[in-house]
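Student: So that we are looking at the same thing, I have put the structure below in structure tokens.
The values are calculated or read from the model by the stated rules, or taken from the named source; none is laboratory data. The structure displayed is predicted, hence computed values, not measured ones. Every residue, glycine as well, gets a Cβ built from its backbone with ideal geometry; the counts of neighbours run over all protein chains shown.
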Amino acid sequence: MRRFLVTALVLLAVFSVTVIAADPTILRFYFPVGVAGPLARYMGELADEFNKAHPEIIVEPIYSGGYPETLQRSLTASKAGNPPDVALLTAADVWTAADENIILSLEAFIEAEGGDAFLDPYFQAFLEDCDVAGEMFAIPFQKSTPIFYYNKDMFREAGLDPDKPPSTWVELKDYASKLVKKSGDETVRWGVEIPIDQWLLSAFIMQNGGVVNNEEGNETYLNSPEAVEALEFMRSLVAEGLT
């Protein structure tokens, strides 16, 4: 079974030093985006930029749905013997792909590009997401960080300082209670909205001094006091009608 690379466009330059054939090397790149329109076009623009800089390589970006669909398509195509050459997956999915033996270790490619010097520009925490049993199986790209957005006009309306967003869980709940707006028994504006994606829960757990799993990825701590407290806080926002 032919395996493929899980990484991003930035790593495709690795191949430019080894390709000597007259015909260009074609690399099919599976990528997911949350919004298919503008972001999908941006991926195409990145591929065009790379292709112009490296005419011996042609990257063919293929929009593959969301992250779950991209993993499933990658698994299915790999089992059928026709995998993508490159795929953009979540950090957790890199472990799944490595366990399924459908992706290649990038150690040799990284070493060819300078080893640690090649990895220096990346945050260490991002690199750790790509490490599976001591080997790099991916390169960080399109990493997501939870950001708190708020509406200053709504803050003013609720009597809150628009230049002082909440900085603690206690403040978040207090602000949310003031921002809730009702019409009779109907809530017409919630105080806060927090997606239920697991990585948002992970953020709350780590804010609380906990971790989700060990470095080896084979033991979870979702029953730790820090994790339970984080989940209870998120649940309380719902129970108290704030979200």
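Student: Suppose we filter segment 183-198 for residues that are free of Cβ contacts under 8 Å to residues at least 24 places away in the same chain and of a type in the set (Gly, Ala, Ser); how many remain?
Tutor: Count: 2.
Student: Still on this structure, I have one more. Within segment 13-61, work out how many residues are under 24 Å from residue 93 (Cα atoms), β-branched (Val, Ile, Thr) and modelled with pLDDT of 95 or more.
Tutor: 1
Student: Return only the number of the condition from (1) buried (at least 17 other Cβ atoms within 10 Å of the Cβ); (2) out of contact with any strand residue (DSSP E or B) (no Cβ under 6 Å at 6 or more places or on another chain) that residue 121 does not satisfy.
Tutor: For residue 121, the exception is condition (1).
Student: Does segment 213-228 contain any residue that is modelled with pLDDT of 90 or more and touching a Phe, Trp or Tyr at 6+ places or on another chain (Cβ under 7 Å)?
Tutor: Within segment 213-228 (the criterion being modelled with pLDDT of 90 or more and touching a Phe, Trp or Tyr at 6+ places or on another chain (Cβ under 7 Å)), the answer is yes, since at least one residue qualifies.
Student: With the structure loaded, tell me whether residue 71 is touching a residue at least 40 places away in the same chain (Cβ under 8 Å), among the aliphatic types (A, V, I, L, M) and either within 22 Å of residue 26 (Cα to Cα) or not assigned by TED's automatic domain parsing to the domain that holds residue 39 (or both) or whether it fails that test.
Tutor: The answer is no for residue 71.
Student: On the given criteria, is residue 139 within 17 Å of the chain's Cα centre (by Cα), exposed (fewer than 13 other Cβ atoms within 10 Å of the Cβ) and within 30 Å of residue 39 (Cβ to Cβ)?
Tutor: Against the criterion (within 17 Å of the chain's Cα centre (by Cα), exposed (fewer than 13 other Cβ atoms within 10 Å of the Cβ) and within 30 Å of residue 39 (Cβ to Cβ)), residue 139 does not qualify.
Student: Next question, about the same structure. I'd like to check something: does segment 173-181 contain any residue that is in contact (Cβ under 8 Å) with a residue 24 or more places away in the chain, touching a Lys or Arg at 6+ places or on another chain (Cβ under 8 Å), hydroxyl-bearing (Ser, Thr, Tyr) and farther than 21 Å from residue 128 by Cα?
Tutor: No, the conditions are met nowhere in segment 173-181.
Student: Could you tell me which of the residues 85, 116, 129 is outside the structural domain of residue 199 (by TED's automatic domain parsing) and modelled with pLDDT under 90?
Tutor: On inspection, the qualifying residue turns out to be 129.
Student: Here's a check for you: in segment 167-197, which residue that is exposed (fewer than 10 other Cβ atoms within 10 Å of the Cβ) and within 30 Å of the chain's Cα centre (by Cα) is farthest from residue 239 (Cα to Cα)?
Tutor: 167
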